[in-house]
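Report on the following structure.
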């Protein structure tokens, strides 16, 4: 069995689809999907950002980031690096040096199922990252094992190379390329309807009357 696996980059998702996804809020998708969401502990390091891109996957051994150093400068502008930490939540695979390399490469962002360190440098570089907390203990260059662009698990969700990733201040969503367009269209329609709903609230209508919740309660009293 090989210690390291390096597969080619997946096909990039169409620019038009990614532009559409960037207008979608993950919380809107949460009104009609459930299984596509990563664990809520995988959160934005610097809230207020929203990114959408093509999943490029990486699995690292618990304390070894050799493969990350090897591939971090090879990604494309629309790629999002999704990192499976093999269950480790103690070691930070991502810190200031990797942040600078990623920012210089210019890919869209990273989602890490583990902690990061050097948060000040992440923020200073304005590089979008979602992670599972912070740690001062870092990985090392042990050249133990790892895989690039294989099926992984991140935040409790299976991620395939080429999947659509949408991440914002509310969470991270993983969508298959086949489903992403329909999900985006439905979400954008709901967001448009929400604008109309808020306008009705400001005009004096009550939320329970608009949604029908008050009528449902009245029937059961």
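Give the residue, chosen from 189, 204, that is more than 23 Å from residue 127 (Cα to Cα), out of contact with any helix residue (DSSP H, G or I) (no Cβ under 8 Å at 6 or more places or on another chain) and exposed (fewer than 11 other Cβ atoms within 10 Å of the Cβ).
Values: 189 fails: exposed (fewer than 11 other Cβ atoms within 10 Å of the Cβ).
On inspection, the qualifying residue turns out to be 204.
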Within the stretch 135-147, can one find any residue that is touching a helix residue (DSSP H, G or I) at 6+ places or on another chain (Cβ under 8 Å), touching a residue at least 60 places away in the same chain (Cβ under 8 Å), surrounded by fewer than 24 Cβ atoms within 10 Å (Cβ to Cβ) and under 30 Å from residue 32 (Cα atoms)? no
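Is it the case, given these coordinates, that residue 123 is assigned to a helix (DSSP H, G or I), out of contact with any strand residue (DSSP E or B) (no Cβ under 6 Å at 6 or more places or on another chain), within 20 Å of residue 62 (Cα to Cα) and at pLDDT 95 or above?
Values: assigned to a helix (DSSP H, G or I): yes; out of contact with any strand residue (DSSP E or B) (no Cβ under 6 Å at 6 or more places or on another chain): yes; within 20 Å of residue 62 (Cα to Cα): no; at pLDDT 95 or above: yes.
No; evaluated as a whole, the condition is false for this residue.
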Confirm whether residue 55 is modelled with pLDDT of 95 or more, closer than 14 Å to residue 164 by Cα and outside any loop (DSSP other than H, G, I, E, B). yes
Condition check: part of a loop (DSSP other than H, G, I, E, B), surrounded by 17 or more Cβ atoms within 10 Å (Cβ to Cβ) and touching a strand residue (DSSP E or B) at 6+ places or on another chain (Cβ under 7 Å). Does residue 86 satisfy that? yes
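The values are calculated or read from the model by the stated rules, or taken from the named source; none is laboratory data. Values in this document were obtained by computation on a predicted structure and should not be read as measured data. Quick reminder, even Gly has a Cβ in these numbers, built from the backbone with ideal geometry, and neighbours come from all protein chains shown.
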